[in-house]
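Student: Here it is, the structure in full.
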Amino acid sequence: MSRQYVTTAIDYANAVPHMGHVMEKIMADTIVRWFRLRGDSVLFQIGMDEHGIKIQETAERQQISPAALVEKMAPIYHNLYERLNISFDRFIRTTDTVMHWPTVIALWNRLRAAGALEKRTYTGYYCLGCERFMTKRDLIDGKCQIHNAAPKEVTEENWFFLLKREGDWLKNLLTKDAGGFRIVPPARAQEVMTLIEQGLEDVSFSRPKTSLSWGIPVPDDPNQVMYVWCDALTNYISGLGLLTDHADLSFWDDAEVTHVIGKDIARFHALIWPAMLKQAGVRTPDRLLMHGFVTNEGQKMSKTIGNVVDPEDVLKRFAGNPDPLRFFLSHEIPVGNDGDFSWKRLEELYDAQLRNKLGNLLNRVLVMLGKMDRRIVVSSDPTWIAGDTVWTQFADALDSFDQWKAIHVIFDWIEESNKFMNDRAPWKVASEEDKHVILSALAENLRHISLMLLPFIPDTAYRISKQLNVPYAQHMLSKDFVITENLKQWGGCPEWQSVGEAEILFAPLTR
């Protein structure tokens, strides 16, 4: 059994969650659930980034304190992720003075002792949206490429992290032969290598208290407050208590560590974070799993344009059921790519794939068995088996973090199962025993399909298994449920004797 520590980027608490937050959490949760299902020991952490100038300014506009703002925002995120069935184990907040701050302060002191921090006066272009200083090389027509806004020229005395000197070490770390730090998908790794080849700059790690008061004070420098990177990035190890007297090294030193992040923050996670850890004497993570942006009808979502899709509206459209959204994002957006959100496409997929192909197949099989004696007769020499090949394709895809391929493997099998039912037409078969064998083969397919669906649409997978009446159904949503080799075999649940009642799996959408 392997240990897996999986994190997502912590969400900034200045606004409500958007579809990019949701895609990232669902992508991470799919991998986490697969790790657990294959028998790994897993710790899954998400959380909130609650310091910084944007929090300070948002609170001022709302005429409340920054502390009041983050206390209002954190439950919104936490509640949404619970309703999306994100199976996180820990929800960390950077305002947590007990869990988070001690590691941050210890890390700062280590960096300073290693000579990796230097205080200097600096004039630069500061983008509020990115919360970082930028060079002219980062700008297009004088504007930030991500936020399409001109940064403000700022002169300050700050502490800087000496990143410029780490270029050769980072290049070696990111090469395939080094084997220490892998970026998935590989195309994103080349983008990071390009950043190194263009030349690295030292990074501002603090701001004067006169500019930023809402944050962690710099040790032994009361006029400075820690800037976002030393504070926010450190959440990945502060959740484990690293660099403190209550450190849990089992999920860092003795585990595979995966950070799930968006492509827009690759520079910080692939360059600054590993260099920080090196200087602090802490090992680097094993991989970055990077996703793209979610667009809306071909346009990047923007509050200015007014095309932001609220995840709450999607949940409301499906009566609170998170699985249509989980399915859509997994089915439509390959890992690492940008993907488009379309209400029309979402509803088309819901009807075509979930209702008609999956839901209708389950209903037809159970109704026909219900008209007989509900008995399951899984033949040891069935007429049609695809299970071994499909399981191999499915597991190989998820083991390589290709969720898009894995979910298409499942729905290709659902398509084949529907074809098998139509070709064999059990309703035309005169022999009751022959009819039992055909329908039982389809029920056995559905048993396997429901297991494969667990990482993607867990509640649906459970409801399929419950209707099938498989003995392990009640345990499927537990974090300690494992898909054993026996369960992957044809007829791998011999104690399963009969099916249950058919129920509507996906209700028709009202217009």
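The values are calculated or read from the model by the stated rules, or taken from the named source; none is laboratory data. As the structure is a computational prediction, the values presented were derived from the model and not from experiment. Counting neighbours? That spans all protein chains shown, and the Cβs are built from the backbone with ideal geometry, glycine included.
Student: Sort out which residues of the stretch 196-234 are in a strand (DSSP E or B), crowded, with 19+ Cβ neighbours inside 10 Å and not β-branched (Val, Ile, Thr), and write them in order of number. Spell out how you get there, then give the answer.
Tutor: Pass one, the stretch 196-234, residues in a strand (DSSP E or B): 203-204, 206-208, 217-218, 221-226.
Filter once more, keeping what is crowded, with 19+ Cβ neighbours inside 10 Å: 203-204, 206-207, 218, 224-226.
Ser204, Ser206, Arg207, Gln224, Met226 - these are the residues of the stretch 196-234 that are in a strand (DSSP E or B), crowded, with 19+ Cβ neighbours inside 10 Å and not β-branched (Val, Ile, Thr).
Student: Is at least one residue of the stretch 466-476 in a helix (DSSP H, G or I) and hydrophobic (A, V, I, L, M, F, W, C)? Before the answer, list the steps.
Tutor: Residues of the stretch 466-476 that are in a helix (DSSP H, G or I), as a first pass: 466-468, 473-475.
The next check asks that each one be hydrophobic (A, V, I, L, M, F, W, C); those that pass are 468, 473.
There is at least one residue in the stretch 466-476 that is in a helix (DSSP H, G or I) and hydrophobic (A, V, I, L, M, F, W, C).
Student: So which pairs qualify, if the first residue must be in the stretch 16-28 and without any contact (Cβ under 8 Å) to a residue 40 or more places away in the chain and over 14 Å from Asp49 (Cβ atoms), the second must be of a type in the set (A, V, I, L, M, F, W, C) and assigned to a helix (DSSP H, G or I), the Cβ gap must be under 9 Å, and the two must be at least 6 apart or on different chains?
Tutor: The qualifying pairs do not exist here.
Student: In the stretch 339-442, which helices (runs of 4 or more DSSP H) lie fully inside it and hold 1 or more residues that are closer than 30 Å to Val260 by Cβ? Talk me through it step by step, then tell me what you get.
Tutor: Values: elements: 343-349, 360-370, 387-399, 403-424.
Of the helices (runs of 4 or more DSSP H) lying wholly inside the stretch 339-442, those with at least 1 residues that are closer than 30 Å to Val260 by Cβ span 343-349, 387-399, 403-424.
Student: Restricting the search to the stretch 49-69, which residues are in contact with an Asp or Glu (Cβ under 8 Å, 6 or more places away or on another chain), closer than 16 Å to Asp11 by Cβ and surrounded by fewer than 22 Cβ atoms within 10 Å (Cβ to Cβ)?
Tutor: Within the stretch 49-69, just Lys54 meets the criteria.
Student: Can I ask one more? Need a quick list: strands (runs of 3 or more DSSP E) entirely within the stretch 244-298 having at least 1 residues that are at pLDDT 95 or above and within 22 Å of Glu197 (Cβ to Cβ).
Tutor: Numbers: elements: 256-262, 287-291, 294-296.
The strands (runs of 3 or more DSSP E) meeting that bar are 256-262, 287-291.
Student: Name the one entry in Met1, Met48 that is modelled with pLDDT under 95 and over 22 Å from Asp323 (Cα atoms). Walk me through it before giving the result.
Tutor: Details: Met48 fails: modelled with pLDDT under 95.
On inspection, the qualifying residue turns out to be Met1.
Student: Looking at the structure I just gave you, is Ala386 more than 25 Å from Gln474 (Cβ to Cβ), at pLDDT 95 or above and of a type in the set (A, V, I, L, M)? Spell out the reasoning first.
Tutor: On the way: more than 25 Å from Gln474 (Cβ to Cβ): yes; at pLDDT 95 or above: no; of a type in the set (A, V, I, L, M): yes.
Here the answer is no, as Ala386 does not meet what is asked.
Student: Follow-up. Conditions: (1) crowded, with 18+ Cβ neighbours inside 10 Å; (2) closer than 21 Å to Glu256 by Cα; (3) touching a Ser or Thr at 6+ places or on another chain (Cβ under 8 Å). Val42 meets all but one. Number of the miss?
Tutor: (3)
Student: With (1) part of a loop (DSSP other than H, G, I, E, B); (2) of a type outside the set (S, T, N, Q); (3) under 18 Å from the mean Cα position of the chain (by Cα) as the list, and His51 as the residue in question, which single condition is left unmet?
Tutor: (3)
Student: If I ask for residues that are closer than 14 Å to Ile237 by Cα, touching a residue at least 40 places away in the same chain (Cβ under 8 Å) and of a type in the set (Lys, Arg), which ones from the stretch 267-296 would you list?
Tutor: Correct list: Lys278 only.
Student: Within the set of pairs 6 or more residues apart or between chains, which connect a residue that is touching a residue at least 40 places away in the same chain (Cβ under 8 Å) inside the stretch 54-79 to a residue that is basic (Lys, Arg) and not in a helix (DSSP H, G or I) with Cβ atoms less than 9 Å apart?
Tutor: Val70/Arg93; Ala74/Arg93
Student: Taking Asn356 as meeting all but one of (1) of a type outside the set (Phe, Trp, Tyr); (2) at pLDDT 95 or above; (3) buried (at least 17 other Cβ atoms within 10 Å of the Cβ), write down the number of the exception.
Tutor: Failing condition for Asn356: (3).
Student: Another question, if that's okay. Would you check if there is a residue in the stretch 167-190 being of a type in the set (Asp, Glu) and within 22 Å of the chain's Cα centre (by Cα)? Write out each step before concluding.
Tutor: Going residue by residue through the stretch 167-190, those that are of a type in the set (Asp, Glu) are 168, 177.
In the following step, the residues that additionally are within 22 Å of the chain's Cα centre (by Cα) were identified as none.
Within the stretch 167-190 (the criterion being of a type in the set (Asp, Glu) and within 22 Å of the chain's Cα centre (by Cα)), the answer is no, since none of the residues qualifies.
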